[in-house]
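*Asks:* Before I ask anything, here is the structure I am working with.
The values are calculated or read from the model by the stated rules, or taken from the named source; none is laboratory data. Computed from a prediction, not measured in an experiment: that's the story for all the values here. Here the Cβ positions follow ideal geometry from the backbone for every residue, glycine too, while neighbour counts run over all protein chains shown.
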Amino acid sequence: MKRILPPELLPITLWDSENKLLNLPPELAQVYMTLIDRHNLRELANLRAKSDSPVGGFTQEETNKHFAQAFAGSVARTQLAFLDPKDDLAETSNAFISILAGNKLSLTDSPCGAGAAAFSLLANIAELRRQSVLPRMPLDIFLIGAEISEPARNYAQEILGELRPSLEAQAIFVDAEFMEWDVTCSLSNTDLIQCITKKSMGYEKRLLLIANFNGFLEREGKRKEAEKQIEELFRHISSTKNSLAIWIEPQMNSATKGLFPWLVKKIKESWNRFVKINVGDSLCLTSLSSETEFRLPLKLDASSDVRLAIIPIDLIRTKK
């Protein structure tokens with residue numbers, strides 16, 4: 001498949017091709033380090049063991065641990081899907097770049113946590129523009145960050161405030177609303193859908209970004225309670241043209257052998273009138289995957305693995 005952004009064009013600021021290492025977008029990495037020091041989290045960030053997989057939570061303490069120890073990895077995971085430097089996910093990378101190239105985009109990040117996935121996309125686009133790899137076309141985004149944890153939403157707002165000047169310098173203009181969202185609650189889901197409907201008026205394209213949800217849905221056993229709300233969210237966004245969803249998870253058994261097989265089965269058997277899993281000209285029956293390493297922003301002489309599983313989803317209604 002022809003790539004919109006061939007790996008050989010990736011700048012060293014994002015991809016060290018010689019060492020096969022992702023570098024987090026410099027501006028976002030700096031914002032992360034600023035917040036780590038502002039909130040006295042550097043020691044906590046350095047305590048994470050490789051076997052530890054913090055999933056966040058409702059309290060400030062749980063959120064601090066997740067932000068300090070997992071934010072950089074979540075940024076790298078979305079960056080790997082977006083840049084696809086190892087040429088594993090060409091269709092997904094093309095879809096990301098096409099929808100983020102310019103014009104007006106409604107971007108829903110649910111659950112957003114501290115915003116790692118959405119901010120990774122925006123900061124990578126900005127850096128590619130800064131390095132003259134992509135054209136600097138005006139991009140107006142309304143970002144809806146849906147998240148159950150108030151402390152996490154507060155971090156997301158703070159990060160956007162710090163990141164905004166570097167985005168606007170590359171003609172990326174972001175309005176945002178961070179709202180409480182409980183995927184197990186139908187009323188909360190209705191509030192999210194109403195927000196998307198209201199805030200997306202006048203925006204030609206819609207992107208639903210779902211990332212790092214298997215910890216809550218699978219390991220905490222909330223998938224059954226969330227199923228109707230996920231279906232409703234997909235069905236609603238599919239009512240407009242130019243709508244896309246991308247679901248990204250760590251490449252672990254709870255995602256690849258639990259969450260994603262369930263999702264594929266639901267799409268094939270029940271949701272196929274408004275959802276299609278699409279990679280090029282053929283239907284994808286399993287998730288795609290990729291892996292590499294990324295340079296740790298707090299320890300530039302060290303790196304860590306980043307492994308992802310991903311399902312790209314066309315939200316389009318059929319006549320069946």
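*Asks:* Condition test on Gln229, is it surrounded by 15 or more Cβ atoms within 10 Å (Cβ to Cβ) and within 13 Å of Val183 (Cβ to Cβ)?
*Replies:* It is true that Gln229 is surrounded by 15 or more Cβ atoms within 10 Å (Cβ to Cβ) and within 13 Å of Val183 (Cβ to Cβ).
*Asks:* On to the next question. Quick check on my filter: what residues within region 90-109 are touching a strand residue (DSSP E or B) at 6+ places or on another chain (Cβ under 8 Å) and either outside any loop (DSSP other than H, G, I, E, B) or crowded, with 24+ Cβ neighbours inside 10 Å (or both)?
*Replies:* Once the filter is applied, which keeps residues that are touching a strand residue (DSSP E or B) at 6+ places or on another chain (Cβ under 8 Å) and either outside any loop (DSSP other than H, G, I, E, B) or crowded, with 24+ Cβ neighbours inside 10 Å (or both), region 90-109 yields Glu91, Thr92, Ala95, Phe96, Ile99, Asn103, Lys104, Leu105, Ser106, Leu107, Thr108, Asp109.
*Asks:* Please specify each residue of region 138-169 satisfying the condition of being crowded, with 21+ Cβ neighbours inside 10 Å and either at positive phi or among the polar types (S, T, N, Q) (or both).
*Replies:* Across region 138-169, the qualifying residue is only Ser149.
*Asks:* Follow-up. Of the residues that sit in region 64-73 and are buried (at least 23 other Cβ atoms within 10 Å of the Cβ), of a type outside the set (Phe, Trp, Tyr) and out of contact with any strand residue (DSSP E or B) (no Cβ under 7 Å at 6 or more places or on another chain), which one is farthest from Asn23 (Cα to Cα)?
*Replies:* His66
*Asks:* Suppose we filter region 159-206 for residues that are under 20 Å from the mean Cα position of the chain (by Cα), at pLDDT 95 or above and of a type outside the set (D, E, K, R); how many remain?
*Replies:* Going through region 159-206 one residue at a time, the tally reaches 19.
*Asks:* If you don't mind, another one. Just to confirm my filter: which strands (runs of 3 or more DSSP E) fall fully inside region 160-272 and include at least 1 residues that are farther than 24 Å from Ser93 by Cβ and either without any contact (Cβ under 8 Å) to a residue 24 or more places away in the chain or not aliphatic (A, V, I, L, M) (or both)?
*Replies:* The qualifying strands (runs of 3 or more DSSP E) are 172-179.
*Asks:* Which numbered condition trips up Glu220, out of (1) closer than 23 Å to Gly57 by Cβ; (2) out of contact with any Asp or Glu (no Cβ under 7 Å at 6 or more places or on another chain); (3) at pLDDT 95 or above?
*Replies:* Among (1) closer than 23 Å to Gly57 by Cβ; (2) out of contact with any Asp or Glu (no Cβ under 7 Å at 6 or more places or on another chain); (3) at pLDDT 95 or above, the lone unmet condition for Glu220 is (3).
*Asks:* Would you confirm, using the coordinates I've provided, whether Lys50 is modelled with pLDDT under 90 and not acidic (Asp, Glu)?
*Replies:* Considered against the rule, which asks whether it is modelled with pLDDT under 90 and not acidic (Asp, Glu), Lys50 comes out as yes.
*Asks:* Within the bounds of region 112-123, is there any residue that is at pLDDT below 95, of a type outside the set (D, E, K, R) and within 27 Å of Leu9 (Cβ to Cβ)?
*Replies:* no
*Asks:* Could you figure out which of (1) in a strand (DSSP E or B); (2) touching a Lys or Arg at 6+ places or on another chain (Cβ under 8 Å) isn't true of Leu143?
*Replies:* (2)
*Asks:* Given the criteria surrounded by fewer than 18 Cβ atoms within 10 Å (Cβ to Cβ), β-branched (Val, Ile, Thr) and farther than 24 Å from Asn124 by Cβ, does Thr59 qualify?
*Replies:* Yes: the conditions hold for Thr59.
*Asks:* Regarding region 79-97, can at least one residue be identified that is among the hydroxyl-bearing types (Ser, Thr, Tyr), out of contact with any Asp or Glu (no Cβ under 6 Å at 6 or more places or on another chain) and closer than 14 Å to Ser149 by Cβ?
*Replies:* Within region 79-97, not a single residue is among the hydroxyl-bearing types (Ser, Thr, Tyr), out of contact with any Asp or Glu (no Cβ under 6 Å at 6 or more places or on another chain) and closer than 14 Å to Ser149 by Cβ.
*Asks:* Confirm whether Leu217 is touching a strand residue (DSSP E or B) at 6+ places or on another chain (Cβ under 8 Å) and surrounded by 19 or more Cβ atoms within 10 Å (Cβ to Cβ).
*Replies:* The answer is no for Leu217.
*Asks:* Quick check on region 237-259: of everything there that is surrounded by 21 or more Cβ atoms within 10 Å (Cβ to Cβ) and over 16 Å from the mean Cα position of the chain (by Cα), which residue is modelled with the lowest pLDDT?
*Replies:* Filtering first and then ranking leaves Ser238.
*Asks:* Please state which one of Ser287, Ser282 is at pLDDT below 90, over 13 Å from Leu208 (Cα atoms) and under 18 Å from the mean Cα position of the chain (by Cα).
*Replies:* Residue meeting the stated conditions: Ser287.
*Asks:* Residue by residue through region 76-96, note down the ones that are β-branched (Val, Ile, Thr) and modelled with pLDDT under 95.
*Replies:* The answer is Thr92, and nothing else.
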